[in-house]
Amino acid sequence: MTTPTVVLSREGASPRKQQQTLAGFSMAGPAILLMLLFVITPFFAAIYFSFTNQRLISGNPTESVGLRNYQRLLSLSVLTVDPEIDEATGQPVVDEEGNFVYPRSRDFTRDEEAYPQYAGMREWFTIELGGQLTYILAGDPLFMRSLTNNFFFALVVIPIQTGLGLLLALLVNQGLKGQSFFRTMYFAPVVTSMVVVSIVWRFLYDNNNGLINEMLNTLTFGLLGPVNWLGNPSIAMWSIIIMSIWQGAGMQMMLFVAGLQQIPESLYEAASIDGANGWQKFRFITIPGLRPVLVFIFLTITIAAFQLFDQVLVLTNGGPDDATTTTVFHMFRNGFREQDIGYASAIAVVFFLIIVAVNLIQRYTVRERG
């Protein structure tokens, strides 16, 4: 007996496919429209404005300036000077502490006729070596410093936050009593607004009445005085790092918990039969099983670290002495406070390319090798 075969004609299937396509576009349409309005269009607008002198509020017409914004942003130069010489003795001039006195960098950067190659540049940092002082000059030294702060923040936060998230995931995945409560407590800072979290931590870091200083004073019996967490240039960035790790570790914990639950229990049972200890199970089963989660976490933390802004704005406003200024904050300050949209757009374009390059390097580094 032959089973009848039902053949749908192209005409009969077409209306159904058209309905499915229309339904798909109707559901995806709002998201696509929002992406066009708030992501794609501003991105291409930033590229266009980066080649202009666009101001936020100005009566002057917008004009093209070519690569001037990029030249100011990325220009670097090296200036090496010898100590000043005392004309009477012919010996190098020294200060009260016995250190050589060198010409100031501004003596070169402000003399455009004699030193046109240094025009418009400012001192970024100095290196004294072999009886000479080398000035590293930059068109925008604050951009260079903010970029350095971003890399420092990322290099510290990525491994510590990842390790802390994994540790918390291992603890709450043991099946102990109250694990749901602890998961909620650890994850609560993630769903709390970063602005709210930063305001709370600003009170905790308060120099006079902050809870952290009070706790340090009590635990050390007054040996440690009040720490100026947000006012000391050498400590302020570490204060932001501590708060950011605390705030984001819960998210990494939940991702690791999901990854741990996908590892077959039979692998651990087989390892136990073979005599593997806890460390060997963790190294050869847990870590390889969490590899996709680790790659995803590395990428997301890196992007979030380079987008550091809210904490800086609320806690330190970029200070003290620009010690906590980040690239996004520098872009915000140029674009909205100084109203230089053209230059802020150039910062955005260059920073976007840097983030893409960093992520490509990460993906190449953690790729699976056959």
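The values are calculated or read from the model by the stated rules, or taken from the named source; none is laboratory data. On a predicted model such as this, the values are computed, not experimentally measured, just so you know. Cβ coordinates were reconstructed from backbone atoms using ideal geometry, including for glycine residues, and neighbour counts include every protein chain displayed. Just the protein is used for accessible areas: all its heavy atoms, side chains included, with ligands, DNA and RNA removed. Shrake-Rupley method; radii C 1.70, N 1.55, O 1.52, S 1.80 Å.
Dividing the C-alpha radius of gyration of region 61-186 by 2.2 N^0.38 Å, with N its residue count, gives 1.86. If you wrap the tightest convex hull around every Cα atom of the chain and split its volume per residue, you get 335 Å³.
For the chain, the solvent-accessible area of protein heavy atoms averages 62 Å² per residue (probe radius 1.4 Å; ligands and nucleic acids excluded). Counting only protein heavy atoms and using a 1.4 Å probe, what share of the accessible area of region 114-262 belongs to carbon plus sulfur, as a whole percent? Accessible surface attributable to carbon and sulfur in region 114-262 totals 67 percent. Proximity of backbone amide H atoms, modeled 1.01 Å from N, is registered between F125 and I136 at under 5 Å, excluding neighbours fewer than 5 places apart on the same chain. Counting only protein chain heavy atoms and rolling a 1.4 Å probe, the accessible areas of Y364, Y343, Y268 rank, largest first, as Y364, Y268, Y343.
Could you identify which residue out of Q161, Q71, Q18 has the top mean-square fluctuation in a GNM of the chain using Cα springs shorter than 10 Å? Of the options given, Q18 has the highest mean-square fluctuation.
Here is the tail figure for region 187-266: Cα pairs spaced more than 18 Å apart come to 55 percent of all pairs. Three principal axis extents of region 222-370 based on alpha-carbon atoms, in descending order, are 66, 50, 20 Å. Length, then width, then depth: along the principal axes, the Cα atoms of region 18-123 run 94, 34, 21 Å. Here region 214-370 is treated with +1 on each Lys and Arg Cβ and -1 on each Asp and Glu Cβ, and its dipole about the Cα centre works out to around 420 debye. Using the alpha carbons alone, the radius of gyration of region 49-105 stands to its Kirkwood radius in an Rg to Rh ratio of 1.39.
With the gyration tensor restricted to C-alpha atoms of region 328-368, the semi-axes of the equivalent ellipsoid amount to 30, 8, 4 Å, longest first.
Quantify how much of the Cα-Cα distance distribution of region 232-314 extends past 14 Å, in percent.
Values: 2435 of 3403 pairs.
The share of Cα pairs beyond 14 Å in region 232-314 comes to 72 percent.
Among the helices of the chain, those built from whole DSSP H runs whose Cα atoms reach 30 Å or more along their own axis and whose mean Kyte-Doolittle hydropathy is at least 0.5 are 141-172, 236-261, 341-365. Candidates I241, L155, L37 compared by Cα position along the dipole of the chain: farthest toward the positive end lies L37, with charges placed on Cβ. Based on C-alpha pairs under 8 angstrom that are at least 6 apart in sequence, the chain has a relative contact order of 20 percent. The magnitude of the dipole of region 51-190, with charges of +1 and -1 set on the Cβ of Lys/Arg and Asp/Glu and taken from the Cα centre, is near 1520 debye. When +1 charges are put on Lys and Arg Cβ atoms and -1 charges on Asp and Glu Cβ atoms, the dipole computed for the chain relative to its Cα centre reaches about 2360 debye.
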